[in-house]
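Heads up, the thing below is written out as structure tokens.
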Amino acid sequence: MESNLGMYRIQLSGNAYQLNEEIGLHYQIHRGIGVHHQLYNQSDEEFKVSIFVGGLPSHALSAIFPLPEGLSELTFAGMLAGRKFGYYRYDGWIVSADADFCILGTVQKKDLKPEGPFGDHLGYYSLEHPFPYMKIHKVFHKKDPIWHFTVVGRPPQEDSSFGYLIHQLVEALTPGEFPGLKQIHAVDVSGVHPLLLAIGSERYMPFRDKKPEEILAIANRIIGSGQTSLAKYLFIADGNDQPLLDTYDFSNYFRHILERVDWRRDIHFQTNTTIDTLDYSGTGLNSGSKVIIACAGPSIRNLKNNLPTDFVLSKKWPSVKPMDNGILCIEGPKYTDLSTEQEIITELIKELETKNTEGFPLIVLCDDVDFTIANWANFLWVSFTRSNPSHDIRGVGEQYTYKHWGCTGSLIIDARKKPHHAPELEKDLKTTLKVDKLFSKGGPLYGTIPTSI
């Protein structure tokens, strides 16, 4: 009952693994396997791991479910299936009685081997890194087993249905876990962890002018709890200002935020911190920054959705187009390095100071403006998977008040591709996979899939 059940990536071949003898393991931050690895490092016991492939759908769902600390995934799997988790023991390993395949092995606690690269659910091809691996002890399978697999790529993809179901199941529990929180949305089209949208309640000081206070406390609890701690951008609004506000209505939600946000006060950074293992926008593996944007109170500006006819920037920025109310996207030159680009953006800020951007409090720099503004899915994916808040957020009228950064004009997010980013799956990965042996001819999935499995 103290086992950790999780859905992890395994690499069966390639790199430095001995075929049929070793398997690469991909650890992600804030997953239980790391906690168990640490405990085994402090003991002389062997770190025995059982890999289950296939079996009951309840086992797959429980493996990825954000359960409270201390609640066994095996208990939850039994609750979902309507019967307890069936298992037996073999040479000290736990073997699932329902899985199609069981691979038993021992993790090498102190030794690492290269793992990856692999496609992932953010839509990029995550790079090769040193990770633990396991030596295989035994492999079991059912009679006529099915090897389950998933197709990965830019959302909506394999994580989308899981995410939707989790949102539906935990929605009623949210106020108990986060007091004062009305709604939270881990945005699937942005890759889930890069962007969280939330609605809270501002009740601390009802007898004076409203400003973000309680919703900041809620936001910090979100950033400090479980899997929501992987959020890179967290927007939170006071639901009392607009009772029908909905985080799933992107256009109205961002309009609400941008009408009210005061960039001098309402933006809060966490720097030199951990981010999702699959997010390559930061300064290294699991290393980057976070930002909380919290707003409460009446509207302080009118948003625009069209530019003045004389709004033209220098040749470095050839295309400027509105995305939605209050959001402007600017196509820029190919990103080179941080110091050079900071100077280029400083020049852009000086140029924007001479323009009328009053109705556009948010500006996003991108590589392809037409792609970015084509729809909300493109905009959210580009803006929040390709930027590191501490390095890529600038502003018109930048200022520091003591140690608090803010700006008097538009906030700028540099969402251009950076040299250290992982490549895109759709555009940069040229390999294809034949699936004619997996699906019958004429079936809906028969053909060639341009992605990674």
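The values are calculated or read from the model by the stated rules, or taken from the named source; none is laboratory data. Small disclaimer: the values here were computed from a predicted structure and weren't measured. Neighbour counts are summed over all protein chains in view; Cβ atoms, including those assigned to glycine, are modelled from backbone coordinates with ideal geometry.
Numerical summary
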| item | result |
| --- | --- |
| Residue in the stretch 1-10 that is in the same structural domain as Phe52 (by TED's automatic domain parsing) and acidic (Asp, Glu) present | no |
| Condition met for Asp279 (outside the structural domain of Val192 (by TED's automatic domain parsing) and under 28 Å from Ile373 (Cα atoms)) | no |
| Evaluation of Asp209 against (1) at pLDDT below 90; (2) farther than 27 Å from Gly397 by Cβ (one fails), failing number | (2) |
| Count of residues meeting criterion [within 19 Å of Tyr87 (Cβ to Cβ) and touching a Ser or Thr at 6+ places or on another chain (Cβ under 7 Å)] in the stretch 103-133 | 1 |
| Answer residue from the stretch 207-237, given it is of a type outside the set (A, V, I, L, M, F, W, C) and part of a helix (DSSP H, G or I) and is surrounded by the most Cβ atoms within 10 Å (Cβ to Cβ) among those | Thr228 |
| Subset tally (residues that are buried (at least 16 other Cβ atoms within 10 Å of the Cβ) and either more than 26 Å from Pro423 (Cα to Cα) or of a type in the set (A, V, I, L, M) (or both)) for the stretch 141-169 | 3 |
| Strands (runs of 3 or more DSSP E) contained in the stretch 262-366 and holding at least 1 residues surrounded by fewer than 20 Cβ atoms within 10 Å (Cβ to Cβ) and either touching a His at 6+ places or on another chain (Cβ under 8 Å) or without any contact (Cβ under 8 Å) to a residue 24 or more places away in the chain (or both) | 267-274, 287-295 |
| So Ile146, is it among the β-branched types (Val, Ile, Thr) and either touching a helix residue (DSSP H, G or I) at 6+ places or on another chain (Cβ under 7 Å) or at pLDDT 95 or above (or both) | no |
| Qualifying residues in the stretch 154-205 (those that are of a type in the set (Ser, Thr, Tyr) and within 22 Å of Ala63 (Cα to Cα)) - the one farthest from the chain's Cα centre (by Cα) | Thr174 |
| Subset of the stretch 374-391 [surrounded by fewer than 22 Cβ atoms within 10 Å (Cβ to Cβ) and in contact (Cβ under 8 Å) with a residue 24 or more places away in the chain] | Trp376, Ala377, Ser390, His391 |
